[in-house]
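Q: What follows is a structure written as structure tokens; I'll ask about it next.
What follows is calculated from the coordinates using simple rules that are stated; it is not laboratory data. In this text, all values refer to a predicted model and were calculated from it rather than measured experimentally. With ideal geometry, Cβ positions are generated from the backbone for all residues, glycine too; neighbour counts draw on all protein chains shown.
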Amino acid sequence: MYLGANLRIRKLGLCVIGGLLILVYLYSVRTSTNIAKNTISMKQLLAGAIRAAEMGGLEIIAVHNNMRLNIESKGKTKEGVNDPVTAADYRSHCAMYNALTTAFPKLTVISEEKSKECDKVNVSDLKDSLKNLQDFNFDDSFVNVNDVTIWIDPLDATKEFTENLLQYVTTMVCISVKKEPVIGVIHKPFESKSTYWAWVGHGSSPNLNNHVLPEDIKIPVLIVSRSHAGIIQNASRLAFGDNVQIVSAAGAGYKALEVAAGNVTAYVHMTAIKKWDICACAAIIRALGGTMTPLLSSGRISFGSNDPTVLNTGVLATMKDHNWYLDKFSNV
């Protein structure tokens, strides 16, 4: 009797332990499944961002070749310059925005433009792009979908596009994680093999691998907007004296790539700027070891889904000596 009771107790104990193990296993499987559902591959985001930027570029080229720009105006910028929008802006937006929201339905996508006549734009499926990851020879990482925001600029330098200054035209996609710019893609549709991308801490496109850091500052070379070059020139003379060069250009994407290439020492913007203009720029500059901040502070620029879309404090981007430039402009 006593032996049988012990056996029954042992069997009961084993059953209880077995049941607990099964519950733990089921809980872990369920938890893992939920985690998987709420995470996303950064490699897939990179591949999708590259393809989306190139799709937008194709729409811009098509509008340019058809010579049907349908130029409208959003009004005036703070500098009093006309802020145009064209059929190319809208068509590029439709291609990029719809492709990204379809491929990544759980993510927030913020675009400069609004959807207009998107039913007339054929949107390619990004699924093939997401599978084609063999070019990215680095480890993947997974992030919570709630931490990710995608910022897109369907056509940067619209004014110059209407003036046929096509070297300045870009499409841009930025992936921010926890409000930090992590992946940046800048595509130049009118130049061959001209998609530039970088992922902070992982790698960059081959055309960015040969970037050259500027040597110790002898003569600062600042790249500034064509629309307010005079304002920057006056401020720069006050900051640096006559020992400064000013390069006038258009498009935040174009100017950021000039900084990354070492062709200029700093990108300076003194007035308000939209965050879709600078998110991809900030990610690329950061991935290559440089810095982008507001012009008059070393604070970070936040790119969260609920953040204001306008940065009112200007922008400074450099590959080195960032604090030196900040100090110079703080005294102006």
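Q: Taking 7 Å along the Cα-to-C-beta vector as the label spot, tell me the Glu191-Phe138 distance in nanometres, rounded to one decimal.
A: 2.1
Q: Could I ask something else about it? Using only the Cα atoms of the range 262-315, what do you get for the radius of gyration and for Dmax, in Å?
A: Rg, Dmax (Cα atoms, Å): 10.9, 35.
Q: Given R₀ = 30 Å, what would the calculated FRET efficiency be for Asn263 paired with Thr108, taking r from the Cβ atoms and rounding to 0.05?
A: 0.30
Q: Per residue, how big is the convex hull of the range 85-176 when only Cα atoms are used? Give it in Å³.
A: Normalising the Cα hull of the range 85-176 by residue number yields 123 Å³.
Q: Could you give the semi-axes, largest first, of the ellipsoid that matches the range 199-332, computed as the square roots of 5 times the alpha carbon gyration tensor eigenvalues and rounded to whole Å?
A: Equivalent ellipsoid of the range 199-332: 21, 19, 13 Å, largest first.
Q: Pick out, from Pro189, Val173, Gly201, the residue whose Cα sits farthest towards the positive end of the charge dipole of the range 141-214, with +1 on the Cβ of Lys and Arg and -1 on the Cβ of Asp and Glu.
A: Farthest towards the positive pole: Gly201.
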